[in-house]
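A short write-up of the structure that comes next.
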Amino acid sequence: MTQHVAVLGATGSIGDSTLALLAAHPERFSVYALSGHSRLDKLFALCQQFQPKCVVVPVQQVDTFAERIKAANLSIEVLGGEQGLVAVANDTQVDTVVAAIVGAAGLASTLAAAQAGKRILLANKEALVMAGSLMMQAVRDNDAILLPLDSEHNAIYQCLPAAVQLDNQQIHQKTHGVQRLWLTASGGPFLHKTYEDMQKASLAEAVKHPNWSMGQKISIDSATMMNKGLELIEACHLFDLPESSIHVVIHPQSIVHSLVEYCDGSFLAQMGSPDMKTPIAHALSYPERINSGVASLSLYDLADLQFLAPDLTKFSCLKLAREAMKTGVLATITLNAANEVAVQAFIEAKVKLTDIALINERSLDKIASNSGFGNSSINSLEDIMAMDAIARQFAANEVLLCQQ
């Protein structure tokens, strides 16, 4: 039976890889819906290529985009903004939702997909960093299926027993013997550079990832290792484990994508070429396998695989993420919001790369020192977004202080 797929965030790098796989397997998948935000010319070209039933664009672009669709003689419904994304996630014709919208903007639609009992291919980190408990409860309550697309989480998923794959709470049964999870990190473009080099880094240097081709925001997060910090928080929710059971190891070659350590001393690792089509193909076809089109590893050429401890002084964002997870949901919402603001400020050349960690830390300190905030007050998506707005204002003020 053909699987009807909605690709939310179709114009980004995850969207590119996903649509390439969908196009390669037309007998298994059809593109039901697409969404995009800023690259609307690219989105229009995708509409011409895949001819989905509906497309979601920013609210202010609905009329203009609908005119382009009509002029091209395409029969595609044009929806707008967050309401449009949620409508797609709820659509009874949609089987699978690829949640690839970057940032907090993807949260509502991902939660809606969980509440509608969909099969969710999750690439949106914020869904779990900001609303992990809410999201995982919605998945359980509505018999949704959540499959991670991040190469690291997907690797861990593949290395876990089948019972845990189907229910993350199973990980606590002693018979499964999972002792700890290991997230691998490339170390990014500054692994072998000094903190002073990071202070002077340009935007071009920060987004030049040594192994992966990714969008601007995630590339900058990789440079500060905040990306790995967010992944640590995600992993706690995805696999129902405390942060103390999840370790980070730098693996510059990006061949081993992550590992599961068992109590008998066994380590199970998932390996592959650094190409996002591999985890996407796994999630699209799970529990079966399809050809991803990715070149096979040449094991004879893997002469040197390194594993290094991260420098938490240079990459303090990783330490902040671990502390935030221990503190609770207010801290993880704040960290995510502050980081988005700080990264955008760096893109706009308002702050230095190393200021990102400083802005994040100061924003967390403000939450910690304000007795008016409490984790128990976060019970809904509305509460989460209200806290997100407060944290963004904290961070915006810190950006101004960095500029003085």
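Considering each residue of the stretch 281-302, count those that are in a loop (DSSP other than H, G, I, E, B) and either closer than 24 Å to A123 by Cβ or among the small types (G, A, S) (or both), and give that number.
Residues that pass the stated criteria total 13.
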### Message
So, A337, is that one over 24 Å from the mean Cα position of the chain (by Cα) and in a helix (DSSP H, G or I) or not?
### Response
no
### Task
Would you please name the residue that is surrounded by the most Cβ atoms within 10 Å (Cβ to Cβ), looking only at residues in the stretch 256-279 that are of a type outside the set (A, V, I, L, M) and in a strand (DSSP E or B)?
S258
## Note on the structure
L320 fails exactly one of (1) under 23 Å from the mean Cα position of the chain (by Cα); (2) part of a helix (DSSP H, G or I); (3) modelled with pLDDT under 95, namely (3)
### Task
Go through the stretch 172-190 residue by residue and tally those that are under 22 Å from the mean Cα position of the chain (by Cα) and touching a residue at least 40 places away in the same chain (Cβ under 8 Å).
9
### Query
How many residues does the stretch 188-231 contain that are buried (at least 24 other Cβ atoms within 10 Å of the Cβ) and closer than 27 Å to E261 by Cβ?
11
### Task
Report yes if some residue within the stretch 77-89 is in contact with a Lys or Arg (Cβ under 8 Å, 6 or more places away or on another chain), in a helix (DSSP H, G or I) and in contact (Cβ under 8 Å) with a residue 60 or more places away in the chain; otherwise report no.
yes
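Restricting attention to the stretch 229-249, does a residue exist that is farther than 23 Å from Q165 by Cβ and either part of a loop (DSSP other than H, G, I, E, B) or out of contact with any Cys (no Cβ under 7 Å at 6 or more places or on another chain) (or both)?
No: the stretch 229-249 contains no residue that is farther than 23 Å from Q165 by Cβ and either part of a loop (DSSP other than H, G, I, E, B) or out of contact with any Cys (no Cβ under 7 Å at 6 or more places or on another chain) (or both).
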### Message
Looking only at the stretch 22-55, how many residues end up being buried (at least 22 other Cβ atoms within 10 Å of the Cβ) and more than 19 Å from L74 (Cα to Cα)?
### Response
1
### Query
Among the residues of the stretch 204-226, how many are over 16 Å from I359 (Cβ atoms) and either within 21 Å of the chain's Cα centre (by Cα) or at pLDDT 95 or above (or both)?
13
### Task
Can you tell me which residue among V94, V98 is in contact with a strand residue (DSSP E or B) (Cβ under 8 Å, 6 or more places away or on another chain) and assigned to a strand (DSSP E or B)?
V98
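Here's the yes/no breakdown for (1) in the same structural domain as T278 (by TED's automatic domain parsing); (2) within 16 Å of I101 (Cα to Cα); (3) not polar (S, T, N, Q):
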{"site": "V129", "(1), (2), (3)": "no, yes, yes"}
{"site": "M136", "(1), (2), (3)": "no, no, yes"}
{"site": "R140", "(1), (2), (3)": "no, no, yes"}
{"site": "A144", "(1), (2), (3)": "no, no, yes"}
{"site": "A163", "(1), (2), (3)": "yes, no, yes"}
{"site": "L166", "(1), (2), (3)": "yes, no, yes"}
{"site": "Q170", "(1), (2), (3)": "yes, no, no"}
### Task
Tell me, yes or no, whether the stretch 241-248 has at least one residue that is surrounded by 22 or more Cβ atoms within 10 Å (Cβ to Cβ), among the aliphatic types (A, V, I, L, M) and under 13 Å from G187 (Cα atoms).
yes
### Query
Which numbered condition trips up L299, out of (1) of a type outside the set (G, A, S); (2) at pLDDT 95 or above; (3) farther than 25 Å from T224 by Cα?
(2)
### Message
It is to be established whether one or more residues within the stretch 341-359 are closer than 22 Å to H247 by Cα, of a type outside the set (A, V, I, L, M) and at pLDDT 95 or above.
### Response
no
### Query
What is the one condition in (1) under 17 Å from S13 (Cβ atoms); (2) outside any loop (DSSP other than H, G, I, E, B) that H209 does not satisfy?
(2)
### Task
Just one of (1) surrounded by fewer than 23 Cβ atoms within 10 Å (Cβ to Cβ); (2) out of contact with any Phe, Trp or Tyr (no Cβ under 8 Å at 6 or more places or on another chain); (3) at pLDDT 95 or above; (4) within 30 Å of S219 (Cβ to Cβ) trips up L147, so point out which.
(2)
### Task
State which residue pairs qualify: first residue touching a residue at least 24 places away in the same chain (Cβ under 8 Å) and closer than 20 Å to G106 by Cβ and inside the stretch 44-57, second residue basic (K, R) and crowded, with 24+ Cβ neighbours inside 10 Å in any location, beta carbons under 7 Å apart, and separation of 6 or more residues or different chains.
none
## Note on the structure
Filter the stretch 243-257 for residues that are out of contact with any Leu (no Cβ under 8 Å at 6 or more places or on another chain) and touching a residue at least 12 places away in the same chain (Cβ under 8 Å); the one that is farthest from H176 (Cα to Cα) is S254
### Among the residues listed as K277, K208, the single one being among the basic types (K, R) and in contact (Cβ under 8 Å) with a residue 60 or more places away in the chain
K277
### Query
Which ones in the stretch 172-194 are modelled with pLDDT under 90 and either assigned by TED's automatic domain parsing to the domain that holds A138 or touching a strand residue (DSSP E or B) at 6+ places or on another chain (Cβ under 8 Å) (or both)?
none
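The values are calculated or read from the model by the stated rules, or taken from the named source; none is laboratory data. Remember, predicted model here, so these are calculated numbers, not experimental data. Cβ atoms come from the backbone with ideal geometry, glycine included; neighbour counts cover every protein chain shown.
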